[in-house]
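These notes concern the structure reproduced below.
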Amino acid sequence: MEVRGKQALRRARARGGSETESETSKVRFDIDIVMARVREAVQPYPKAALFELAEEGFSSVFEQLVACIISIRTLDEVTVTTARRLFEIARTPAEVIKLEVAEIDRLIRDCTFHEPKARTIRDIAITAAEQHDGVLPCDVEVLLGLRGVGPKCANLALGIACGQARIAVDIHVHRVTNRWGCVQTPTPEQTMVALESVLPKRYWVEINRLLVPFGKHICTGKLPHCSTCPVLEMCRQVGVQRHS
Ligand code: SF4
């Protein structure tokens, strides 16, 4: 993925953005350099929740899917502790089925929408047990056919648990890649499709692992820290009105 300076400026102007002094001094966008710098920059920060859980051993398709459902509209730090609490009691479909919905609900009570999520998690466990011999397969159609599972969770589970090249776009990946000027899309769903055309496959899983902490701590939503950002010279800062 390479975005030349003049091309990016034309695209920024076409989007109604203004050309700032810093934009005129931008250099060619090199995705390999950008990813290497972001990789280094996020090292001090906590890992994205699902990657953290995978490193702790919760790396099956079922565990990743359950953790992703818990993570919806929930802070990463809450996701990790909540998923750990559930997995201490039940981490396979067979174990989850033994729990009543009320018990699952109690275990995941710290996440948002815990009651419907508890029902969803138990339903997925039942489907896994009855239709897939207790083990969810690395099959996108199967995962997307589960109630409550969307493209982001399916792609994260398949990317992390199965090693498949899949892009999972959350609000951070969406915001940062649009600011970089690599895509120009109004929704995370459209960003996922657009990135498939411009992002080298070797980064399809890692983009989420890196841009979640990068978006939380450096390229933040309201006031990104551009002046100290390691990719400032290459980033087109599309739509950035104010920054620190
Ligand atoms: S912090 Fe600023 S310079 Fe860095 S990626 Fe975000 S918008 Fe670009």
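Throughout, read-outs are computed from the coordinates displayed, never taken from laboratory work. Values in this document were obtained by computation on a predicted structure and should not be read as measured data. Reconstructed Cβ throughout: ideal geometry from the backbone, glycine too, with neighbour counts over all protein chains shown.
For trypsin sites (Lys or Arg not before Pro), the sites in segment 135-220 that DSSP calls loop and that have at most 14 other Cβ atoms within 10 Å are ARG147.
Over all Cα atoms in segment 116-244, the spread is summed up by Rg and Dmax: 17.1, 54 Å.
Of the residues VAL238, VAL78, the one with the fewest other Cβ atoms within 10 Å heads the list, and the complete ranking is VAL78, VAL238. Tell me the angle of helix 188-198 to the major Cα principal axis of the chain, expressed in degrees between 0 and 90 and rounded to the nearest ten. The angle comes out near 60 degrees. When the Gaussian network model of the chain links Cα atoms closer than 10 Å, the mean-square fluctuations of LEU136, LEU50, LEU146 top out at LEU146.
From the square roots a ≥ b ≥ c of the eigenvalues of the alpha-carbon gyration tensor of segment 49-162, which class results: rounded (a/c under 1.5), prolate (a/b over b/c), or oblate? Since a/c stays below 1.5, the shape of segment 49-162 is classed as rounded. For the chain, the longest principal axis of the C-alpha atoms and the axis of helix 61-71 are separated by about 70°. Longer than 29 Å from Cα to Cα, which of LYS98/LYS216; LYS26/LYS201; LYS26/LYS222; LYS98/LYS201 are they? Say none if no pair is. Where the Cα-Cα span goes over 29 Å, the pairs concerned are LYS98/LYS216; LYS98/LYS201. Sorted fewest first by neighbouring Cβ atoms within 10 angstrom, ARG122, ARG109 come out as ARG109, ARG122.
Listed as lacking a disulfide-compatible partner in the chain: CYS111, CYS182, CYS219, CYS226, CYS229, CYS235, by the criterion of no other cysteine Cβ under 4.7 Å. The local environment of ALA129, defined by Cβ-Cβ distances under 13 Å, has a net charge of -2 under the rule Lys, Arg +1 and Asp, Glu -1. For the pair ARG106 and ASP30, label points projected 7 Å from Cα toward Cβ lie 5.8 nm apart. Mean-square fluctuations from a GNM of the chain, with a 10 angstrom spring cutoff on Cα atoms, peak among PRO116, PRO224, PRO188 at PRO116. Placing R0 at 22 angstrom, the Cβ-Cβ distance between LYS201 and ASP139 gives a FRET efficiency of 0.70 after rounding to 0.05.
Computed from point charges on the beta carbon alone (+1 for Lys and Arg, -1 for Asp and Glu), the dipole magnitude for segment 49-162 about its Cα centre is near 300 Debye. Evaluated with a Cβ-only charge set (Lys, Arg +1; Asp, Glu -1), the chain carries a dipole of roughly 1120 debye about its Cα centre, given to the nearest 20. Would you work out which of GLY181, CYS111, LEU143 lies farthest towards the positive end of the dipole of segment 62-184, given +1 charges on the beta-carbon of Lys and Arg and -1 on that of Asp and Glu, about the Cα centre? Ranked along the dipole, the leading option is GLY181.
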